[in-house]
1. What aspartates and glutamates sit close enough to K241 to cross-link, taking a C-alpha to C-alpha distance under 20 Å and skipping anything fewer than 8 places away on the same chain?
2. Ignoring solvent entirely, what values of log10 I(q)/I(0) come out of the Debye formula for the range 213-260 at 0.22 Å⁻¹ when each Cα is a single scatterer?
3. Under a 1.4 angstrom probe, counting protein chains only, how are H390, H341, H299 ranked by accessible area, largest first?
4. Cross-link partners among aspartates and glutamates for K357, C-alpha distance below 18 Å, same-chain residues fewer than 8 apart left out?
5. Under the classification rounded if a/c is under 1.5, otherwise prolate if a/b is larger than b/c and oblate if not, where does the range 206-312 fall, given a ≥ b ≥ c as square roots of the Cα gyration tensor eigenvalues?
6. Return the sequence-ordered ³J(HN,Hα) values of the range 353-358 in whole Hz as given by the Karplus equation 6.51 cos²θ - 1.76 cosθ + 1.60 applied to θ = phi - 60°, using x for Gly and Pro.
7. Given a 1.4 Å probe, how much area per residue of the range 230-346 is accessible, in Å²?
8. Over the range 271-412, what per residue volume does the convex hull of the Cα atoms give, in whole Å³?
Amino acid sequence: NGHLGTRQKSYENLTIPSIGTHNQQLWCWLSPSCILSLSKMKSSGGERRSLKFKNYVVGAFLIILSFQQFLMKSCISEKSSIGVNSLEGFMGPDNVASLIVVPFDAYSMRDDDNIMKHQNCKKTIIIRKLPDWTDKPFVEINYSDVKDLFSEQNEDMLCLQVASTATVGAIVLASSNHKMDGVSLLGSDSAELVARKLEGWSLEKNKSRNDLQLDIVEHKTIAMIGWYEPPSPEVVAKRQKNDNTGNFVWAYGATRMINPYTTSFIKAEEGAKDPGSASALVIANANSLELSTKNSISHERVKWMTTLVQKIDKPTILLGIGIQAKFEEFEEIKSMKLHEHQALLFNEIGKRNQASKSASVRGDFTHVAATNAGVNNTISLGCPSLTISHTSNLGNVLKKKWNAIESLLTSNQTYLEIGITLPAFRLGGPNYEKVV
């Protein structure tokens, strides 16, 4: 049984994607009830098939079982998505609800090797505005009910995302009679037709196409510095060697800014070797800007990032970079200025963007220093870790939590847990005792 929104449908003989049209389905497996039902079919003379034919059918069933793995491998390796031609056959003017959306996670851990798989969509229909979402023109089904559809990486999926809920699902097509006896992942070449169907539904329900605002977003590959890679044994081992876990926090926040359903990631070094492999470059950084010129490591890192920007030569954004300095190095804040090689990085990024702001910096100090150096494409947004939560009213959420703590402090409750973040002082050492 599959739960499709508020409806419940019973189905059997669920199939993995069909090849070609719905009249030419290649089933990855056949259930016993399906094959044995052949023996109940009537012949042209109106009589049931003979016992001899039943035996042939049962024999065929046993042969299919013996080659089950072969059949599944063959089918999955040839897995394709239903395209626009066969979509027309499924979707008449009155059966938009034949579309089924299967919400899925962009990242899922594979059980066999502890590697997190990244699954994304070739095209994604993003609904920006939909006034009456309760009466949606399709049904949803649980991922677990059709998880075999996602058993292999599919590079031609068409997905639907509702911006207000951040829910993303692959679009699956059922047969025109709305029965779940044959479902297939819908291919990306059907995006325009699905969009037209949705717009037609909006016009019928709301008397206006303007009530439904949607975009069709093409898949892109992004080269990234500071990419928070999906876990694997190699990635985890590498992270364990780095004792600065704070770097993982801002890298995670920066990576989460980018829609994983519409985007694939590669390392910036790969993008530099093959400039055509990426559509854009994203640089996430923490504190590579030094006021002092004595730090050769920071100096070389800024030059390295500038070289990558020039080699990849695609639209580029910089996230979270800031000035690293000791208090005694600060003089008059208003006169601070980036060094020439630092300003060059910002200006090279600005050349490759149409937007006026293409570099977010840690704070106002960095923004002032960039402005004084003739850089005009920065905006002060803070650390990328601030964007880990995608809640648009996060400030109000935090305020409510703080108010709840204040009410506890003023109540008669005497038990309150407090967490304190301390520098890396040795436990029991003089500095630790001083701070405590």
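1. Cα-Cα hits under 20 Å: E229.
2. Those come out to -0.87, one per q.
3. H390, H299, H341
4. D313, E348
5. Prolate, because a/c is 1.5 or more and a/b exceeds b/c.
6. Here the 3J(HN,Hα) series is 9, 7, 5, 6, 10, 10 Hz.
7. Working: 6380 Å² over 117 residues.
Heavy-atom SASA per residue in the range 230-346 reads 55 Å².
8. On the way: hull volume 23.0 nm³, N = 142.
Spread over its residues, the Cα hull of the range 271-412 gives 162 Å³ apiece.
The values are calculated or read from the model by the stated rules, or taken from the named source; none is laboratory data. Note that the coordinates shown come from a computational prediction; the quantities given were computed from them, not determined experimentally. Virtual Cβ from ideal backbone geometry, glycine too; neighbours counted across all protein chains shown. For accessibility, only protein heavy atoms count, side chains too; no ligands or nucleic acids. Shrake-Rupley method; radii C 1.70, N 1.55, O 1.52, S 1.80 Å.
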